[in-house]
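The values are calculated or read from the model by the stated rules, or taken from the named source; none is laboratory data. This structure is a prediction, so every number in the text was calculated from the model and none was measured. Because the Cβ atoms are built from the backbone with ideal geometry, glycine has one as well, and the counts that use them run over all protein chains shown. We work out accessible area using only protein heavy atoms, side chains counted, and drop any ligands, DNA or RNA first. Shrake-Rupley method; radii C 1.70, N 1.55, O 1.52, S 1.80 Å.
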Amino acid sequence: MNTGADYSSGTGRATDARGPARDSRGLTLLGIETSCDETAASVVRLTPDGAATVLSSVVHSQIDDHAAFGGVVPEIAARSHVEMIDGVARRAMAEAGVGYEGLDGVAATAGPGLVGGVMVGLSYGKAVALARDLPLIAVNHLEGHAVSARLGARVDYPFLLLLVSGGHCQLLEVRGVGDMTRLGTTIDDAAGEAFDKIAKALGLGYPGGPALEALASSGDGARFDLPRALLGRKDCDFSFSGLKTAASRLAQACETDPERADLADAVQTAIARQLGERSERAMKTYAETHDHRMFVVAGGVAANRTVRSTLEALATKNGFAFLAPPMAYCTDNAAMIALAGAERLQRGLTSDIDVAARPRWPLDEQSALNDPVHKPGRKGAKA
Ligand code: KG4
Ligand code: ZN
C-alpha cells in the first residue's frame, strides 16, 4: 500500500501521495500539546498562500489540579495528561468535522517542557500517525509560540519576535519554521516566572500573572523604586531575579490590600519596562538590515495588557508594525503546534517515528551552544 508516511527508513518525508486536490485546499493537521499544564488538541488548515484557519481548538487546563500546591507538580501534570489526552483529541477532531481521512499530518510538541507530559502527547501523536498512516511532525513548543500570531492575522516572514512565557524570555529574528536567530535571552528567570513568584509572595493564587494584573489595576506603583537590571549592558539580554527578590521582600512588608495593589502595579510596570527596553534595542539593530519592520510579541505574558501597550507604543515609535496573537493563543494551546507542524510539512520537514521527547530544546541551537553566558542549568536559560 502506498501511504503518505514512510516510517521504514531513517528519514521521515513529507506526504505527496494524496492528490492535487489536497494541494489547492492546503494542509490540515491535528496538533497535540502537553508540555506543561494544559492538555490541548487542535485542527488547523494552512492554505498555500500562507493563511491559517483554526477548525477546532480544545484546551483542558489543569489549574485546579495544581492550585493547592502553588505551582505545577510534574507528576500530577503527567497523570492528568494521560487521563485527558484521548478525550481532548477526539473532541478536537469531532469539532473540526474533517475526519481522520481529511488530515495530512499529526504534529505533537516534543519539547521543551516537563518531560513526563511531553512524552504523553508525543506518544499519542505517534499512535495516531501510525494508525492513520500520516506523517508525524515533532514540534518545538517555542516554535509554536513563534508562529502563534499567524493564527489571527496574515504575518509575513521575517519578523522580530519577543517570546515571553512562563519558562522563556527571548528576542528572535524569525525567518520561518526551523530558521530563527536568537538576539537575546534571559540570564536567570523568565518574565512569566517573575510574575508568578512575585504574585505568590503577594499571597495571590496560581497562575500568578493574570492575578497580579487584576490586582495592579487598582494600584499606583509610583512610590516604589524597584531595581533595574543590566543597565550598563548594550545587549538584548534580560534578568528578572533582582526584581523578584526585591519585590518579594517588599511584599512581606505590605500590610493592606491597597499597599499590595500598589506593589503589583510597580512590578508590572517594571517588567513591562524591561521587556520594552530590550525590545527597543533589538528593533534598532533589526532595522539596520530589514526594510520590512514587523514586531510580534507572543507567549503567556503577551496576554498582559500593560506589556502589550508598552510594546505597541515602542514598536510604533521605532517604525515597526505591531502584532500580538489573539488572547486565546497567547497562553499554551495546540493550534500553534498544528500550525508550526503544517508549515514544517509544507517544507517537507517531517520526523522519524522514534523521535525522542526533549526536556530542553533551544530554538536557535547554534546560539545556545556558542554563547557561554547562557549555560544550561536550573537557573540558566531554559532553552
Ligand atoms: O505560554 P504559557 O501559557 O506557558 C509557557 O509556555 O510557559 O505562559 C504562562 C505564563 C505564566 O507565567 C503566566 O503567569 C503568564 O504566562 N501569564 C501572564 C498573564 N497571563 C499569563 N502574565 C502576566 N499577565 C497576564 N495576564
Ligand atoms: Zn508555552
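Key figures for this structure:
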{"item": "Residue check for G299: within 15 Å of ligand 1 (Cβ to nearest atom), open to solvent by less than 20 Å² (accessible area, probe 1.4 Å) and on the phi < 0 side of the Ramachandran plot", "result": "no"}
{"item": "Residue match in region 166-175 (condition: more than 14 Å from ligand 2 (Cβ to nearest atom) and of a type in the set (V, I, T))", "result": "yes"}
{"item": "Lone unmet requirement of (1) part of a loop (DSSP other than H, G, I, E, B); (2) among the charged types (D, E, K, R); (3) farther than 27 Å from T28 by Cα for R79", "result": "(1)"}
{"item": "Strands (runs of 3 or more DSSP E) (entirely within region 113-214) containing at least 3 residues that are open to solvent by less than 10 Å² (accessible area, probe 1.4 Å), touching a strand residue (DSSP E or B) at 6+ places or on another chain (Cβ under 6 Å) and within 12 Å of ligand 1 (Cβ to nearest atom)", "result": "none"}
{"item": "The lone exception for A108 - which of (1) surrounded by 24 or more Cβ atoms within 10 Å (Cβ to Cβ); (2) in contact with a Leu (Cβ under 7 Å, 6 or more places away or on another chain); (3) within 18 Å of G167 (Cβ to Cβ) it fails", "result": "(3)"}
{"item": "Residues that are more than 16 Å from ligand 2 (Cβ to nearest atom) and buried (at least 19 other Cβ atoms within 10 Å of the Cβ), drawn from region 278-296", "result": "R278, S279, A282, M283, Y286, M294, F295"}
{"item": "Near pairs, Cβ below 7 angstrom, 6+ apart or cross-chain, from region 317-332 (of a type in the set (S, T, N, Q)) to any residue that is within 13 Å of ligand 1 (Cβ to nearest atom) and modelled with pLDDT of 95 or more", "result": "T331/G300; T331/A303"}
{"item": "Residue, nearest to ligand 1 (Cβ to nearest atom), within region 302-319, restricted to residues that are open to solvent by 10 Å² or more (accessible area, probe 1.4 Å) and of a type in the set (A, V, I, L, M, F, W, C)", "result": "A303"}
{"item": "All positions within region 72-104 that are over 21 Å from the mean Cα position of the chain (by Cα), open to solvent by less than 50 Å² (accessible area, probe 1.4 Å) and touching a residue at least 40 places away in the same chain (Cβ under 8 Å)", "result": "M93, A96, V98, G102, L103, D104"}
{"item": "Number of positions in region 275-292 that are over 17 Å from R305 (Cβ atoms) and in a helix (DSSP H, G or I)", "result": "12"}
{"item": "Count of region 320-340 residues which are open to solvent by less than 10 Å² (accessible area, probe 1.4 Å) and touching an Asp or Glu at 6+ places or on another chain (Cβ under 7 Å)", "result": "4"}
{"item": "D265 being of a type in the set (D, E) and either open to solvent by less than 30 Å² (accessible area, probe 1.4 Å) or within 19 Å of E193 (Cα to Cα) (or both)", "result": "yes"}
{"item": "Test: residue in region 324-342 that is in contact with a Leu (Cβ under 6 Å, 6 or more places away or on another chain), more than 16 Å from ligand 2 (Cβ to nearest atom) and modelled with pLDDT of 95 or more", "result": "yes"}
{"item": "Test: residue in region 306-321 that is of a type outside the set (A, V, I, L, M), within 16 Å of ligand 2 (Cβ to nearest atom) and at pLDDT 95 or above", "result": "no"}
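Conditions (1) of a type outside the set (A, V, I, L, M); (2) under 22 Å from L349 (Cα atoms); (3) free of Cβ contacts under 8 Å to residues at least 60 places away in the same chain, marked per residue:
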site	(1), (2), (3)
G117	yes, no, no
A131	no, yes, yes
L161	no, no, no
R175	yes, yes, yes
